[in-house]
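Novice: Structure provided below as structure tokens; questions to follow.
Every number here is computed from the coordinates shown, using simple stated rules; none is lab data. Here the structure is a predicted model, which means the values were calculated and not measured. Quick reminder, even Gly has a Cβ in these numbers, built from the backbone with ideal geometry, and neighbours come from all protein chains shown.
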Amino acid sequence: MHAQEILAAKRAAQKLTPSQIRHFIDGYTEGSIPDYQAAALVMAIAIHGMEPDELAVWTEAMLHSGEVLDLSGVEGVKVDKHSTGGVGDKISLCLAPMVAACGVPVPMISGRGLGHTGGTLDKLEAIPGFSVGLTTEQFIDQVGRLGVALIGQTETLAPADRKLYALRDVTATVDSIPLIASSIMSKKLAEGIDALVLDVKVGDGAFMKTLPEARTLAQTLVDIGSRAGKAVTAFLTSMDQVLGHQVGNANETAEAIEVVKGTGPKDVTELTLTLGCEMLVLGGVCEDTNEARRKLEQSVASGAAAQKLRSVIEAQRGDAAVVDDPGRLPTSSHQKKVPAQKDGHVAQMKSRSIGRAAMLLGAGRRKAEDSIDPGVGVEVTKKVGEPVNKGDTLAILRYNERDELDEAVALVENSFVVEEQAPPAQSLILEVIRGSRK
Ligand code: URA
């Protein structure tokens, strides 16, 4: 089989056969198919799309391009959560220990931040000593012993995705729904999970700017999971303002610790409970959402969730005392407040600009190889709908010496729109799509 024939078929908007797909993904992973042919194929896919069954085979070929973890030795239904990425999204840090404290094993493999969005690994690494680099054996062992492990992508998991993602980045094919969906699901399915809860972000700070686009992505993700025999639920949630108050790394970790202890911001707590309830139901430890919510709230009130978080941090060689004393987390040496220019209500908060400002302060990366400063970030002190008086602080930038401070301040100033009238209340949870295993 020649790669050119596969390219010609997709260029003509034809459906690729399973053997064509496997030939292409295997050849590209091992290097017999070069980048220039793969670039042509991803461009043709970005233009013509893929049929659902074709995409399921494409995803399966990516998933089998590397190691697929075997968690069958761990008792229980293994459930993970994945977010398509937002600003201030620290949910994984509080959700994983809360769900594990309720008896559902959570094997969580997360990513790093890039551009205006943060990444769970960077937030975890803000905890002094914390290691996200467990071996596969250590990861499986820890999920078995503690019910939760939080690690980064290994070299051996879905290597086809790593190559294809780098190629998409330089060929303007990142924002293709079949390519995004297969990229996410190949990595998640390689974790050896039984069920998955997806948080598909919608709005200014998200990949998907509109509800119809996000709905298509969510449905595509759920469909791939269902065809692979997994229980998958996708929530569409708003990213039209920062989640919680903190954007950065150590500050977000501190905010997630508050949620685990029952003192977190309302929106972060609500989203954690919503996703957690679904994980408990899919995990088979609760009959319905009401029972699951009671169980999760109980894990917080009894201190079991906080204890689970201490155990995970300790197992991964971090300073578990941060759970009781978040003052041990890294901080910054300077701060700058952004005041409101007039009286009124916060009508809009452009979360993408706030994420970008945090990146400029050093909390995120422009390029994958950039290093980050864990102690810097942005705190939003007023959220959408809140009344403000002229001179009130809208946000605080926390930084160390930084050339781009002025640009970051301007981004935060311009991200707030203050108007006389309060805007209509916005929902955080917009829709839910549940799969049925095929
Ligand atoms: N996240 C991924 O893992 N892959 C994509 O293509 C986009 C977001």
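Novice: Given all pairs of different Cα atoms, what value in angstroms does the Kirkwood hydrodynamic radius of the stretch 4-59 take? Each step should come with its number before you reach the end.
Specialist: Numbers: mean 1/r = 0.0898 Å⁻¹.
This gives a value of 11.1 Å.
Novice: Another question, if that's okay. Quick check: from the Cα gyration tensor, does the stretch 200-358 come out rounded (a/c under 1.5), prolate or oblate?
Specialist: Numbers: a/c = 1.87, a/b = 1.09, b/c = 1.72.
Oblate shape, in that a/c is at least 1.5 and b/c is the bigger or equal ratio.
Novice: Taking the stretch 14-104, which GluC sites (Glu not before Pro) meet the DSSP loop condition and have no more than 11 other C-beta atoms within 10 Å?
Specialist: The qualifying sites are Glu75.
Novice: Further question: Considering only C-alpha atoms, what is the centroid distance from the stretch 277-293 to the stretch 344-420, in Å?
Specialist: 36
Novice: Determine the calculated [θ] at 222 nm for the chain from helices alone, applying -39500 (n - 2.57) to every DSSP H run no shorter than 4 residues and normalising by the residue count; nearest 500 deg cm²/dmol.
Specialist: After summing the helix terms and dividing by residue count, I get -13500 deg cm²/dmol.
Novice: Translational diffusion coefficient, Stokes-Einstein: compute it for the stretch 313-438 using the Kirkwood radius over C-alpha pairs as Rh, at 4 °C and 1.567 mPa s, and state it as an integer in µm² s⁻¹.
Specialist: Here the translational diffusion coefficient equals 77 µm²/s.
Novice: Can you work out the FRET efficiency for the pair Ala301 and Gln37, with r the C-beta to C-beta distance and R0 = 51 Å, to the nearest 0.05?
Specialist: Details: r = 57 Å, r/R0 = 1.12.
That pair, Ala301 with Gln37, gives E of 0.35.
Novice: Considering Cα pairs under 8 angstrom that are at least six residues apart, work out the relative contact order of the stretch 58-119 and quote it in whole percent.
Specialist: In percent, rounded to a whole number, it is 36.
Novice: Please report Asp161, Asp175 as a ranked list, fewest other C-beta atoms within 10 angstrom at the top and most at the bottom.
Specialist: Ranked by crowding around the Cβ, least crowded first: Asp175, Asp161.
Novice: What's the local net charge at Thr17, with K and R +1, D and E -1, over the other residues with C-beta under 15 Å away? Present the calculation step by step, with values, prior to reporting the outcome.
Specialist: Working: positive: Lys10, Lys15, Arg22; negative: Glu5, Asp26, Glu51, Asp53, Glu54, Glu60.
My count for the surroundings of Thr17 gives -3.
Novice: If I fit a long axis through the Cα atoms of helix 159-169 and take the longest principal axis of the Cα atoms of the chain, what angle between them do I get, 0 to 90°, rounded to 10?
Specialist: Helix 159-169 and the main axis of the chain meet at about 70 degrees.
Novice: Can you give me the C-alpha center-to-center distance between the stretch 95-114 and the stretch 7-50, rounded to a whole angstrom?
Specialist: Spelled out, the Cα-based centre of one part sits 34 Å from the other.
Novice: Let me ask you something else. Specify whether the C-alpha gyration tensor of the stretch 140-275 places it in the rounded, prolate or oblate class, a ≥ b ≥ c being the square roots of the eigenvalues: rounded for a/c under 1.5, otherwise prolate if a/b is larger than b/c and oblate if not.
Specialist: In terms of gyration-tensor shape, oblate.
Novice: Just to be sure I understand: of the beta bridges DSSP finds with both ends in the chain, what percent are antiparallel, rounded to 5?
Specialist: Around 55 percent antiparallel, to the nearest 5.
Novice: Answer rounded, prolate or oblate for the stretch 55-196, using the Cα gyration tensor with square roots of eigenvalues a ≥ b ≥ c: rounded when a/c is under 1.5, else prolate when a/b is larger than b/c, else oblate.
Specialist: oblate
Novice: I've got another one for you. Could you tell me the center-to-center distance, by alpha carbons, between the stretch 158-186 and the stretch 190-234 in angstrom?
Specialist: If you average the Cα positions of each part, the centres end up 15 Å apart.
Novice: Now for a separate question. Using only the alpha-carbon atoms, how far is helix 289-301 inclined from the longest principal axis of the chain? Give it as 0 to 90 degrees, nearest 10.
Specialist: For helix 289-301, the angle is close to 50 degrees.
Novice: Follow-up. Between 0 and 90 degrees, rounded to the nearest ten: what's the tilt of helix 18-30 against the longest Cα principal axis of the chain?
Specialist: Between the helix axis and the principal axis of the chain, the angle is about 70 degrees.
Novice: When only DSSP loop residues count, what GluC sites (Glu not before Pro) in the stretch 230-333 have their Cβ near at most 10 other Cβ atoms within 10 Å?
Specialist: On the way: sites: Glu252, Glu255, Glu258, Glu270, Glu278, Glu287, Glu291, Glu297, Glu314; in loops: Glu287.
Taking the stretch 230-333 and a limit of 10 other Cβ atoms within 10 Å, the loop GluC sites (Glu not before Pro) found are Glu287.
Novice: Evaluate the distance, in nm, between pseudo-label points positioned 7 Å from the Cα of Glu155 and of Val77 along their respective Cα→Cβ axes.
Specialist: According to this spin-label approximation, the distance is 3.7 nm.
Novice: Let me ask something else. State, as an integer percentage, the relative contact order of the chain based on alpha-carbon contacts under 8 Å between residues 6 or more apart.
Specialist: 20
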